[in-house]
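Comments concern the structure below.
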Amino acid sequence: MKNNLPHINIVWFKRDLRFTDHEPLYVAQQQGLPVLLLYFFEPSIMAYADSDVRHWRFVYQSIKDMQQKLELQQATMYFVHNEVEPVLEELTKIYNIQNIFSHVEVGNKATYNRDVAIQQFCKNKNITWIEYQIHGVIRKLKSRINWQALWKQKMTEPPKYIKLHTIDFVKLSSNTYNFIKGLYLPKECTTDDDSFQKGGETLAWRYLESFINTRYINYSKHISKPASSRKSCSRLSPYIAYGNISMRLVYQYTVQHYSTSLNKRALSNFISRLHWHCHFIQKFEDECRMEFENINRGFDTIIKPVNLTYIKAWEQGQTGVPIIDACMRCLIKTGYINFRMRAMIVSFFTFNLWQHWQLAAHYLAKLFLDYEPGIHYPQLQMQAAVTGVNTIRIYNPIKNSYDHDEEGVFIKTWLPELANVPLQMLHEPNLLSISE
């Protein structure tokens with residue numbers, strides 16, 4: 001009975017929302033079978049504690065951008081607001097699914113459990129599910145001794161370019177799509193918010209080109225400054241996190257422009273951070289228990305009493321420490337602050353307020369537009385000094401305020417109540433007298 005159904009392949013998009021240098025789609029293109037493009041807004045993943053509407057809005061914008069590229073082919077990028085398994089179950093009733101192609105997702109426990117279930121589903125249905133390496137991260141890597149060489153090898157491989165016009169795309173009937181697509185997405189997910197970077201492959205390339213052509217000049221100089229970094233840093237992090245652009249093409253594009261650049265040190269520093277990006281995700285892939293546990297169990301004995309007043313003040317940007325509060329309010333509104341400020345707010349939470357990093361983990365994940373589990377948890381633990389191998393870092397918020405927001409531009413932007421405080425008192429308003 002199944003053999004009489006139309007044979008198709010499926011490309012399952014996850015954190016790889018692009019058409020350029022997309023290995024699963026590239027391989028599907030070679031197969032000669034009709035290809036169904038699918039993205040799942042999974043209710044279970046959207047309800048997970050690290051999820052926020054800002055993430056799914058970015059995904060929705062990314063899919064819209066992909067859809068525009070498909071218009072010339074009269075094809076559709078189908079997205080459903082439904083769980084994966086029931087949708088695949090329905091599709092097996094009308095198609096003989098030969099293969100599912102996707103990238104490996106190095107995500108949270110919920111996505112891992114989902115993948116385990118889908119592996120079993122595919123086995124039961126005699127469907128071959130083939131996953132491809134994402135970035136420079138290798139699943140089931142036995143040793144990281146040669147990982148750096150493997151990363152370089154992956155970054156220098158020829159990109160996998162897609163010829164959309166050569167693909168025979170599957171077109172679902174309206175009845176089928178209406179049956180599997182689930183409920184409408186919340187309006188907040190489908191309505192743009194100009195406070196945040198917008199998703200999509202088109203914008204990812206604009207950010208990369210503007211950075212490499214002009215903005216990189218002050219990259220090293222401004223990387224630690226909360227105001228200036230918003231322009232001088234690449235701002236590619238959400239586009240890399242959701243796969244609007246491949247790490248390989250970011251690396252190769254940067255290397256191509258290195259020899260003619262006016263500030264080679266800046267681009268060298270940028271390239272090194274592309275390496276570190278994958279390095280931390282690889283650590284998480286190798287030891288994913290760090291989502292829930294201290295990497296070094298020796299720190300389990302340290303007791304940090306929960307102080308809900310402190311936590312709420314920190315979350316809302318109401319601690320009374322200007323640079324901390326400005327960072328938190330900026331995050332709430334825009335989803336972005338630079339790395340040093342991220343490290344500082346975690347340091348402040350775990351040392352100054354003496355709260356456990358786990359109590360900040362999900363809240364910060366919700367705020368970061370570029371939330372990447374594989375970077376989030378290793379960095380949280382490193383800044384909270386529970387790894388046992390990294391140097392303990394305790395960031396002095398007052399010193400960082402003086403050093404990196406000298407003129408108080410960032411603080412006054414996000415804390416308008418301090419607009420009239422003299423600069424000499426702005427970083428330490430606790431020193432103001434009652435009359436002042």
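Remarks
- Filter pass, E201 being open to solvent by less than 40 Å² (accessible area, probe 1.4 Å), among the acidic types (D, E) and more than 26 Å from S44 (Cβ to Cβ): yes
- Any chance N113 is more than 22 Å from I245 (Cβ to Cβ), of a type outside the set (A, V, I, L, M) and in contact (Cβ under 8 Å) with a residue 24 or more places away in the chain: no
- Some residue of segment 55-63 being touching a Pro at 6+ places or on another chain (Cβ under 7 Å) and under 19 Å from Y239 (Cα atoms): yes
- For segment 101-110, the criterion of being more than 19 Å from L37 (Cβ to Cβ), among the β-branched types (V, I, T), in a helix (DSSP H, G or I) and open to solvent by 10 Å² or more (accessible area, probe 1.4 Å) is met by no residue.
- Hits in segment 390-422 - residues which are hydroxyl-bearing (S, T, Y) and either part of a loop (DSSP other than H, G, I, E, B) or surrounded by fewer than 13 Cβ atoms within 10 Å (Cβ to Cβ) (or both): T391, Y395
- The lone criterion from (1) surrounded by 15 or more Cβ atoms within 10 Å (Cβ to Cβ); (2) modelled with pLDDT of 95 or more; (3) over 23 Å from the mean Cα position of the chain (by Cα) left unmet by G374 is number (3).
- Filtered by the rule that a residue be part of a helix (DSSP H, G or I), surrounded by fewer than 19 Cβ atoms within 10 Å (Cβ to Cβ) and touching a residue at least 24 places away in the same chain (Cβ under 8 Å), segment 183-198 gives E188, T190.
- Just so you know, in segment 66-86 the residues that are open to solvent by 50 Å² or more (accessible area, probe 1.4 Å) and not in a helix (DSSP H, G or I) include one that is modelled with the lowest pLDDT, and it is Q74.
- Filter result (open to solvent by 30 Å² or more (accessible area, probe 1.4 Å), under 25 Å from V137 (Cα atoms) and within 22 Å of the chain's Cα centre (by Cα)) within segment 284-335: E285, D286, E287, C288, R289, F292, E293, I295
- Every pair of residues 6+ apart whose Cβ atoms lie under 8 Å, when the first sits in segment 413-431 and is under 16 Å from Y402 (Cα atoms) while the second is open to solvent by 30 Å² or more (accessible area, probe 1.4 Å) and among the small types (G, A, S): T413/A227; P429/G320; N430/G320
The values are calculated or read from the model by the stated rules, or taken from the named source; none is laboratory data. Worth saying up front: this structure is predicted, and the values here are computed from it rather than measured. Glycine gets a Cβ as well: all are built from the backbone with ideal geometry, and neighbour counts include every protein chain shown. SASA here: full protein model, heavy atoms, side chains in, ligands and nucleic acids out. Shrake-Rupley method; radii C 1.70, N 1.55, O 1.52, S 1.80 Å.
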